[in-house]
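Report on the following structure.
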Amino acid sequence: MTDKIVQRPAPQRKRTQKGFNWYWRFVATGFAFACFGLGGLFMALTIFPVMMLVLQDREKRRRYAQLVICRGFRVFAGMLDTVGVASVETENIAQLRAATGSIIIANHPTLLDVVMILAQLDKCQCVVKHQLFRNPFLFGVVRAAGFIRNDDNPEHLIKQAKHHLNDGACILIFPEGTRTPSNQTLGKFQRGVANIAIETQADLIPVVVHCNHDTLKKGVPWYRIAPSKIRYRIVVDKPLAFGDLHDPELSRAKQARYVTRFIRDYFVDRLKNDRAGKRT
C-alpha cells in the first residue's frame, strides 16, 4: 500500500495592483534619467568648451561650471516634481547657502541626493565616485566642475580639499562613500571625512536627507518604481565646530576613528525616528 501524496497548491505571490499613476511614473522616471544623461552630455559638448575659450582663469571657470551644474540640477528637480516622480522640501537651507570654507556631510539614501542638495545652491565642491570620471554622459560635467575623485591618493585628495576650503569653498561629502544599501538606514562610514577634517580643522555642516521610500538605494534599479511619489526632506543642522570633535592628545589614527564614529552616531540619532527605508 502506498501513501497517497497530497499536492499543496503553490503559494501565490501577492501582487500589487498597478494603476495609471504607477505606469505614468515609470515612463516619467525613465524619461527623466534619459534627460539627465543627455543634459550632462550637452553641457560637456557645448557650454563647457565655450567656457574654456572665454574664461582663461581656471578657478573662475570652475566656479561658473559649478553654477551651471547647480542651476541645471534645479531645473531637473523641478521637472521631477512637475511630472510626479519626486519632490523636495528643505529646512534651514539659507544657512547652507551662506556657508564658506566648511565640509558639508550628508547621509546618502538614494541616487538623487546630490542632485537635490546641489539644486538648492549656486556653487559647491564635491567629492564624487571615481566611476563618474569614466561615465560617457557625466565625465565632462565632473571634470569641468573640478570635482574631487574619491579614489585619489589620500594625500592628494586632502591637499585638494584643503586648497578649496582655504579658498572659501564648501565641500560636499557623503561619509558612507556610496549609497545606503536597501533596507538599511545607514551604510558603513568611511574615514575620508575625518581625515580631511583633522588636516583642515574645518567645521562640519550636517545635512540630513529624509526619503519616504526605500527606492533608488544601492542595489535598487531605477525601474523599481516606488508605490507613490518620492518625497525628499533636506534638513540643514547647525555646524559642528571641529574643535569640539577631536582630542589632540590622541594619535592621528585614533582621532580619525573617533571623529568617524562621532559622525555616524550623530546621523544614527538624527535618523532614529525617520521613516526612510519604510514603504508608505
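For the reader, a short list of remarks on this structure follows.
- Between amide H atoms placed 1.01 Å from N, distances below 5 Å from residue 126 occur with 148, 172, all of them 5 or more places distant or on a separate chain.
- Most tightly packed first, judged by the mean number of other beta-carbon atoms within 10 Å of their residues, the peptides 80-89, 146-155, 204-213 read 204-213, 80-89, 146-155.
- Filter on 159/238; 217/254; 162/188; 218/272; 123/238; 217/272 - keep pairs with C-alpha separation over 22 Å: 159/238; 217/254; 162/188
- Dipole magnitude for the chain: computed about the Cα centre from +1 point charges on Lys and Arg Cβ and -1 point charges on Asp and Glu Cβ, it is near 1220 debye.
- Cβ-placed point charges (K, R +1; D, E -1), dipole of segment 77-165 about Cα centre in debye, nearest 20: 400
- 3J(HN,Hα) along segment 97-104: 5, 8, 6, 9, x, 10, 9, 8 Hz, from the Karplus curve 6.51 cos²θ - 1.76 cosθ + 1.60 with θ = phi - 60°, whole Hz, x for Gly and Pro.
- Net length gained if the chain between residue 261 and residue 45 were fully extended (0.36 nm per residue, minus Cα distance): 73.5 nm
- Residue by residue, segment 68-80 carries 3J(HN,Hα) couplings of 4, 5, 4, 5, x, 5, 5, 5, 5, 4, x, 5, 4 Hz when phi is fed to the Karplus relation 6.51 cos²θ - 1.76 cosθ + 1.60 (θ = phi - 60°); x denotes Gly or Pro.
- Over the chain, Cα pairs under 8 Å with separation of 6+ residues give a relative contact order of 22 percent.
- Amide H within-cut-off set for residue 205, under 5 Å, with H built and near neighbours excluded: 103, 104, 105, 240
- Residue (of 147, 198, 219) at the positive-pole extreme of segment 144-220, dipole from beta-carbon charges: 219
- The Cα center of segment 109-155 and the Cα center of segment 197-235 differ in position by 15 Å.
- Pairwise centroid distance, computed over Cα atoms, of segment 158-184 with segment 49-96, Å: 17
- Farthest positive-ward along segment 20-271 dipole, Cα basis, beta-carbon charges - from 133, 180, 210: 133
- Ranked for footprinting exposure by Cβ neighbours inside 10 Å, fewest first, 271, 53, 112 give 53, 271, 112.
- The ranking of 123, 272 by Cβ neighbour count inside 10 Å, starting from the fewest, reads 272, 123.
- When the Cα positions of 88, 50, 76 are compared along the charge dipole of segment 41-106, 50 comes out farthest toward the positive end, with charges on each C-beta of Lys, Arg, Asp and Glu.
- The helix-only estimate of mean residue ellipticity at 222 nm for the chain, built from DSSP H runs of length n ≥ 4 each weighted as -39500 (n - 2.57), is -13000 deg cm²/dmol after division by the residue total.
- Under 17 Å from residue 18, Cα to Cα: lysines that are on another chain or at least 8 residues apart: 229
None of the figures in this text is laboratory data; all of them are computed from the coordinates on show. All values reported here derive from a predicted model rather than from experimental measurement. Note that we place each Cβ from the backbone using ideal geometry, even for glycine, and neighbour counts take in every protein chain shown.
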